[in-house]
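See structure below.
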Amino acid sequence: ARKHGPFHKIVILGDGGVGKSALTMQFVCHEFLDYHDPTIEDSYQHQVHIDSRVAHLDILDTAGQPEFATIREQYMRTGEGYVICYSITDKRSFEEAIEYKKLINRYARVDHIPIVLVGNKSDLEHLRRVGVSDGEALSKEWACPFHETSAALRRNVDVVFHDLIREIRRKEHDE
Ligand code: GDP
Ligand code: MG
């Protein structure tokens, strides 16, 4: 019902510094970005084959709204699917992920919005502050896929986007 044109609008949400831009750049360009201006918000159009069907993605890498009050309602209304990211090294970013989910629920106004939960920076095991089981439990509560990723090592990056597209397609199919 939310689909406008051939592009699936995907929105990347999460606390500043969790690796939203790095994940997006790895997925789209196969490059690890060590620095991306945290205030720059950009969108990327990307085409991929998922389950032998082409998907056109319009990915919005959000930026610069650590305060929920300033988050743009627009994202929440136009996104077809969301990647909610936290960093496994940062407990607070995990708490913020829960807040982002609440925002989606408030604005999306549909029953089940496709979401994938991501715990990024899995290469920094020695700095881990959020257990795998915490992510798993939250994703169970949300009934959504969950992956720990490393944008630095390009670990589990593709599967995040592929799972999100699968969720979006399943929803389209059900409607
Ligand atoms: P954003 O604010 O959520 O867009 O975060 P960025 O993508 O700008 O990443 C913030 C910082 O974390 C940068 O210095 C990145 O290089 C670093 N970073 C992002 N992803 C990873 C990762 O998977 N592992 C490690 N070690 N660092 C990462
Ligand atoms: Mg960024």
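The values are calculated or read from the model by the stated rules, or taken from the named source; none is laboratory data. Since the structure is predicted, the reported quantities are computational estimates derived from the model, not experimental observations. All Cβ positions, glycine included, derive from the backbone under ideal geometry; neighbour counts span all protein chains shown.
Given the conditions (1) in contact (Cβ under 8 Å) with a residue 12 or more places away in the chain; (2) more than 15 Å from ligand 1 (Cβ to nearest atom); (3) not β-branched (Val, Ile, Thr), report the number of the one that Glu148 does not fulfil.
Of the numbered conditions (1) in contact (Cβ under 8 Å) with a residue 12 or more places away in the chain; (2) more than 15 Å from ligand 1 (Cβ to nearest atom); (3) not β-branched (Val, Ile, Thr), the odd one out for Glu148 is (2).
Please indicate, with yes or no, whether at least one residue in the range 103-114 is of a type outside the set (A, V, I, L, M, F, W, C), at pLDDT 95 or above, more than 10 Å from ligand 1 (Cβ to nearest atom) and within 19 Å of Phe146 (Cβ to Cβ).
Scanning the range 103-114 turns up at least one residue that is of a type outside the set (A, V, I, L, M, F, W, C), at pLDDT 95 or above, more than 10 Å from ligand 1 (Cβ to nearest atom) and within 19 Å of Phe146 (Cβ to Cβ).
Looking at (1) within 20 Å of Val28 (Cβ to Cβ); (2) among the hydrophobic types (A, V, I, L, M, F, W, C); (3) in contact (Cβ under 8 Å) with a residue 24 or more places away in the chain, find the lone condition where Val159 falls short.
(3)
Just give me the residues in the range 25-46 being in a strand (DSSP E or B) and over 15 Å from Leu164 (Cβ atoms), in sequence order.
Hits for the range 25-46 are Asp42, Ser43, Gln45.
State which residue pairs qualify: first residue within 12 Å of Ile165 (Cα to Cα) and inside the range 48-61, second residue surrounded by fewer than 10 Cβ atoms within 10 Å (Cβ to Cβ) in any location, beta carbons under 8 Å apart, and separation of 6 or more residues or different chains.
These pairs meet every condition: Val48/Val54; Ala55/His49.
Have a look at Leu138, Leu124 and point out the one that is closer than 25 Å to Leu33 by Cα and not polar (S, T, N, Q).
Leu124
I'd like to know if the range 121-139 contains one or more residues that are at pLDDT below 95 and charged (D, E, K, R).
No, the range 121-139 has no match at all.
Which residue is surrounded by the fewest Cβ atoms within 10 Å (Cβ to Cβ), if the candidates are limited to the range 79-116 and must be of a type in the set (Phe, Trp, Tyr) and within 16 Å of Thr62 (Cβ to Cβ)?
Here the answer is Tyr107.
Out of all the residues in the range 8-65, which are surrounded by 12 or more Cβ atoms within 10 Å (Cβ to Cβ), more than 11 Å from ligand 1 (Cβ to nearest atom) and among the acidic types (Asp, Glu)?
The one that is surrounded by 12 or more Cβ atoms within 10 Å (Cβ to Cβ), more than 11 Å from ligand 1 (Cβ to nearest atom) and among the acidic types (Asp, Glu): Asp58.
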